[in-house]
Amino acid sequence: MMTDAKQHHILAIGGHAGDMDLTAGAVIAKYTQAGHKATFLHLTPGEKGHPRMTPEDYAKQKIEEAHQFADIVGADVRFLAYKDAELPLNEEVKYQVADVIREVKPDIIITHWKGSIHKDHSNTHYIVEDARFYAGLKTIERELPSHYAQHLYYADNWEDPYDFHPEVFIDIPDEAYETWVKAMNVYAYARGETYGFPFIEYYKALTIVRGAPMNFKRAQAFAVPQGALTKRLQFF
């Protein structure tokens with residue numbers, strides 16, 4: 001049963017498979033469990049982050065893991081054909097993302113904050129900002145008609161910390177949390193099997209850190225474009 005009469009569609013756009021899954025996956029599980037739609041768009045697989053596998057083999061694994069994650073949380077998944085650490089910041093990729101926005105017609109977009117230690121993340125931030133603008137302009141003629149995604153949020157990623165100030169905190173109910181934790185465990189890197197960083201434990205703990213000041217048991221936090229106010233919400 002939906003708790004909101006309008007059906008929403010979240011498009012979560014990440015530089016690598018796993019980025020949006022971990023940082024926004026609990027919120028996405030909450031939305032899909034309430035009858036809304038969600039799509040992950042991964043601009044690269046993130047295939048160069050394994051010390052013992054070739055990028056080609058790890059790309060196949062990451063793509064499979066991304067589909068498993070999406071299946072568990074009830075979302076769709078897309079990939080663009082770019083390589084990890086080689087994501088360009090150009091008009092071609094911006095229009096590719098704009099075309100996906102026009103196709104899936106989200107009203108909510110979640111992506112990276114700009115202040116990142118990883119250039120794929122910061123490039124994704126700027127790609128999405130322009131793609132959202134291009135997708136919404138009727139005067140830009142593409143194969144599909146224009147679509148403007150009304151809401152834009154930036155996910156709380158430990159690799160994107162510089163000047164990140166969360167202003168929106170979404171309450172995470174137990175069912176969505178448990179689904180998200182199950183889904184995170186499909187990613188080998190999240191289980192600490194690449195370089196040992198405890199991603200799952202970190203992001204689980206972060207829901208407590210972000211939720212407690214808002215009087216939520218757990219929450220995921222998001223920054224917003226300049227001018228928005230801090231909100232305590234059940235849904236965006």
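The set of residues in the range 167-178 that are surrounded by 20 or more Cβ atoms within 10 Å (Cβ to Cβ) and assigned to a helix (DSSP H, G or I) contains only Ala176. The listed residues are Tyr189, Tyr162, and the only one of them that is touching a residue at least 60 places away in the same chain (Cβ under 8 Å) and either outside any helix (DSSP H, G or I) or open to solvent by 20 Å² or more (accessible area, probe 1.4 Å) (or both) turns out to be Tyr189. Between Ala98, Ala70, the distinction of being part of a helix (DSSP H, G or I), under 24 Å from Ala183 (Cα atoms) and among the small types (Gly, Ala, Ser) belongs to Ala70 only. Within the range 29-45, the set of residues being free of Cβ contacts under 8 Å to residues at least 60 places away in the same chain and either of a type in the set (S, T, N, Q) or closer than 17 Å to Phe79 by Cβ (or both) comprises Thr32, Ala38, Phe40, Leu41, His42, Pro45. Here Asp120 fulfils each of the conditions (1) of a type in the set (D, E, K, R); (2) more than 26 Å from Glu103 (Cβ to Cβ); (3) not in a loop (DSSP other than H, G, I, E, B) apart from (2). Checked against the criterion of being out of contact with any Asp or Glu (no Cβ under 8 Å at 6 or more places or on another chain), polar (S, T, N, Q) and more than 18 Å from Asn90 (Cα to Cα), the range 139-146 has at least one qualifying residue. Residues of the range 192-227 that are open to solvent by 30 Å² or more (accessible area, probe 1.4 Å) and either among the hydroxyl-bearing types (Ser, Thr, Tyr) or over 25 Å from Leu152 (Cα atoms) (or both): Glu193, Tyr195, Gly196, Phe197, Pro198, Glu201, Tyr202. Across the range 13-62, the number of residues qualifying as among the aliphatic types (A, V, I, L, M), part of a loop (DSSP other than H, G, I, E, B) and farther than 18 Å from Tyr195 by Cβ comes to 1. The conditions of being surrounded by fewer than 24 Cβ atoms within 10 Å (Cβ to Cβ), touching a helix residue (DSSP H, G or I) at 6+ places or on another chain (Cβ under 6 Å) and among the charged types (D, E, K, R) are not met by Glu64.
The values are calculated or read from the model by the stated rules, or taken from the named source; none is laboratory data. Bear in mind the structure is a predicted one, so any value in this text is a computation, not a measurement. Cβ: placed from backbone, ideal geometry, glycine included. Neighbour counts: every protein chain shown. Heads up: the accessible areas ignore ligands, DNA and RNA and are worked out on the full protein's heavy atoms, side chains in. Shrake-Rupley method; radii C 1.70, N 1.55, O 1.52, S 1.80 Å.
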